[in-house]
Amino acid sequence: MKSNVEQNGNSVVNISSLARKIFLNEIVTGQKEDYAKQLLTDINERLNVEFTDYYVLLTGIKKEVYNGIYHIEAADYLKIFAVAEEAVSRYMDDNGFNHEIFMYYYFNTKQMCILFNRRNHLACEVEKCAEHINELIQHIYENQIFNGDKKYFNFTTISPLLEDYNQLTPSFMRLQELGKLAFFHDKSIVMTDEKLLKLKRKVTYSRIKQLLDELIDSGSMGQLKICRDLLQDMFLNQLKYSYDLSLCSDVLTELKGQVFRFNTSFDLNLDDEIESKFKLSAYANIEDMYFSMDDILQLCVKEAVKKGKGIGHISQEAIRYIKGNYDKNITLTDIAEHVKVVPTYISEIFNKEMGMSIPQYLTKFRIEKSRKLLMETNLKIYEISKYVGINDPNYFSKIFKKYEGATPQQFQEKYRGL
């Protein structure tokens, strides 16, 4: 007869406990109920939680934080996890909850997962329980990982009340998605779908694109303060409340392209930064990402100005003329005459300093203005086309789709949620 405990040297492994943890990992990720029951029979185990009127909770910090920032190795993290597990188990026992606690392990993810239900009507409120667990884990992290550092925080997600086994996996998967939103928070919090709806703001790609365009223009002109203000607005007033990781990734891609242009044009030696700093996975939270981008932006603009390679008077005058006359049928000759240089010379200078031709810049600016009109007015498409200086509505629709990936009508309908 096999023992539940096998000893090897000084280490003792509880085989039944290990099998139980593996089983719990399997059932939250999609194991069918009949097979799950058979597995329990095979390992001669019975769960403490019934799959009726129960909850699932996920809590813990990312590996990017405990290992990437605080250099806690796996073995040490497991010891910290054991301390946290014991504290949480004791709290749940004392407050009237049946529970199963285990480490959910998937690739680089190591989080505490808790399945639990109320033992009787005397158990404390579930919301209060989740808040206390979150605070308990945060306290343990502060003592054993953060060492008093107030920069990073625990993040907990909890499901609504679940009624049967079949709700387990979908709810668990949703908690994982909610857990990724820790990226947007600078405090310890218990997140639910209901709370997310209250916290989330409507942030459109068009608004972010507008800020990016203004930032790029200001950076090209060496206007550092304006650049930094725009960057702060984009990251800390817009993206932070979007709860949209895909949008953050798109912004990094756009910024990477611009930094690459600065790097190659001005010989700034930013190859390492371009390779490592423009990946979402490089950051534990959005504030880390913002400060990193701010550092790189300052370096780009300062070095460009220092080397006398910022946007010169000719290109600046061309841009001012375009912004003041984009609604008219202006040409390269008109712009050159305004700046008092020949068209070939201004084309060469502008292309070199801005990384695009004057017609491309004019079109981009017109599309930017048309986006705003589509979002904020009830003007017809042909009226907007004429307003931004494009007299042919069909051509306007074609060029708008090229830049935005949708026709003006599709863009407007999507923005208004039609």
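The values are calculated or read from the model by the stated rules, or taken from the named source; none is laboratory data. These numbers come from a predicted model, not from an experiment. Note that we place each Cβ from the backbone using ideal geometry, even for glycine, and neighbour counts take in every protein chain shown.
Kindly indicate which of K309, K328, K352 is modelled with pLDDT of 85 or more and either of a type in the set (K, R) or part of a helix (DSSP H, G or I) (or both). Break it down stepwise before answering.
Numbers: K309 fails: modelled with pLDDT of 85 or more; K352 fails: modelled with pLDDT of 85 or more.
The conditions single out K328.
Among V190, V203, which is of a type in the set (A, V, I, L, M, F, W, C) and closer than 23 Å to M112 by Cβ?
Answer to the check: V190.
Only one residue in K302, K277 is among the charged types (D, E, K, R), at pLDDT 85 or above and either over 30 Å from I61 (Cα atoms) or in the same structural domain as K209 (by TED's automatic domain parsing) (or both), so which one is that?
Working: K302 fails: at pLDDT 85 or above.
Among K302, K277, only K277 is among the charged types (D, E, K, R), at pLDDT 85 or above and either over 30 Å from I61 (Cα atoms) or in the same structural domain as K209 (by TED's automatic domain parsing) (or both).
Could you identify the single residue in K328, K352 that is more than 24 Å from K256 (Cα to Cα), surrounded by fewer than 16 Cβ atoms within 10 Å (Cβ to Cβ) and outside the structural domain of D250 (by TED's automatic domain parsing)? Steps first, please.
Values: K352 fails: more than 24 Å from K256 (Cα to Cα).
One residue alone meets the criteria, K328.
Please find, among N120, N147, the residue that is closer than 28 Å to L280 by Cβ and either surrounded by fewer than 21 Cβ atoms within 10 Å (Cβ to Cβ) or among the β-branched types (V, I, T) (or both).
Numbers: N120 fails: closer than 28 Å to L280 by Cβ.
When all the criteria are applied, what remains is N147.
Within segment 133-155, take every residue that is touching a helix residue (DSSP H, G or I) at 6+ places or on another chain (Cβ under 7 Å) and either hydrophobic (A, V, I, L, M, F, W, C) or at pLDDT 95 or above (or both) and give me the one that is nearest to E100 (Cα to Cα).
If we take residues in segment 133-155 being touching a helix residue (DSSP H, G or I) at 6+ places or on another chain (Cβ under 7 Å) and either hydrophobic (A, V, I, L, M, F, W, C) or at pLDDT 95 or above (or both), then I133 is nearest to E100 (Cα to Cα).
For segment 158-202, what are the residues that are over 18 Å from the mean Cα position of the chain (by Cα) and in a loop (DSSP other than H, G, I, E, B)?
S159, P160, L161, E163, D164
Could you list all residues from segment 219-273 that are part of a helix (DSSP H, G or I), small (G, A, S) and either in contact (Cβ under 8 Å) with a residue 60 or more places away in the chain or under 29 Å from K187 (Cβ atoms) (or both)?
To start, the set of residues in segment 219-273 that are part of a helix (DSSP H, G or I) comprises 219-220, 224-241, 245-266, 271-273.
Going one step further and asking which of them are small (G, A, S), we end up with 219-220, 246, 249, 257, 265.
Across segment 219-273, the qualifying residues are G219, S220, S246, S249, S265.
Of the residues E214, E135, only one is outside the structural domain of I319 (by TED's automatic domain parsing), surrounded by fewer than 19 Cβ atoms within 10 Å (Cβ to Cβ) and either more than 30 Å from M375 (Cα to Cα) or of a type in the set (A, V, I, L, M, F, W, C) (or both); which?
Working: E214 fails: either more than 30 Å from M375 (Cα to Cα) or of a type in the set (A, V, I, L, M, F, W, C) (or both).
None of the others qualify; the one that does is E135.
Within segment 378-415, how many residues turn out to be in a loop (DSSP other than H, G, I, E, B) and touching a helix residue (DSSP H, G or I) at 6+ places or on another chain (Cβ under 8 Å)? It would help to see each step written out before you state the result.
Filtering segment 378-415 for residues in a loop (DSSP other than H, G, I, E, B) gives 378-380, 388-392, 405-407.
Those still in the list that are touching a helix residue (DSSP H, G or I) at 6+ places or on another chain (Cβ under 8 Å) too: 379, 388-392, 406-407.
Matching residues across segment 378-415 total 8.
Residues of segment 284-299 being of a type outside the set (D, E), touching a residue at least 60 places away in the same chain (Cβ under 8 Å) and either part of a helix (DSSP H, G or I) or touching a Ser or Thr at 6+ places or on another chain (Cβ under 7 Å) (or both), which ones? It would help to see each step written out before you state the result.
Taking segment 284-299 first, the residues of a type outside the set (D, E) are 284-286, 289-293, 296-299.
This time we only want the ones that are touching a residue at least 60 places away in the same chain (Cβ under 8 Å), so: 284-286, 293, 297-298.
Residues satisfying the conditions are I286, M293, L297, Q298.
Please indicate, with yes or no, whether at least one residue in segment 131-141 is assigned to a loop (DSSP other than H, G, I, E, B) and touching a Phe, Trp or Tyr at 6+ places or on another chain (Cβ under 8 Å).
Taking segment 131-141 and keeping what is assigned to a loop (DSSP other than H, G, I, E, B), we get none.
So far as segment 131-141 goes, no, none of its residues is assigned to a loop (DSSP other than H, G, I, E, B) and touching a Phe, Trp or Tyr at 6+ places or on another chain (Cβ under 8 Å).
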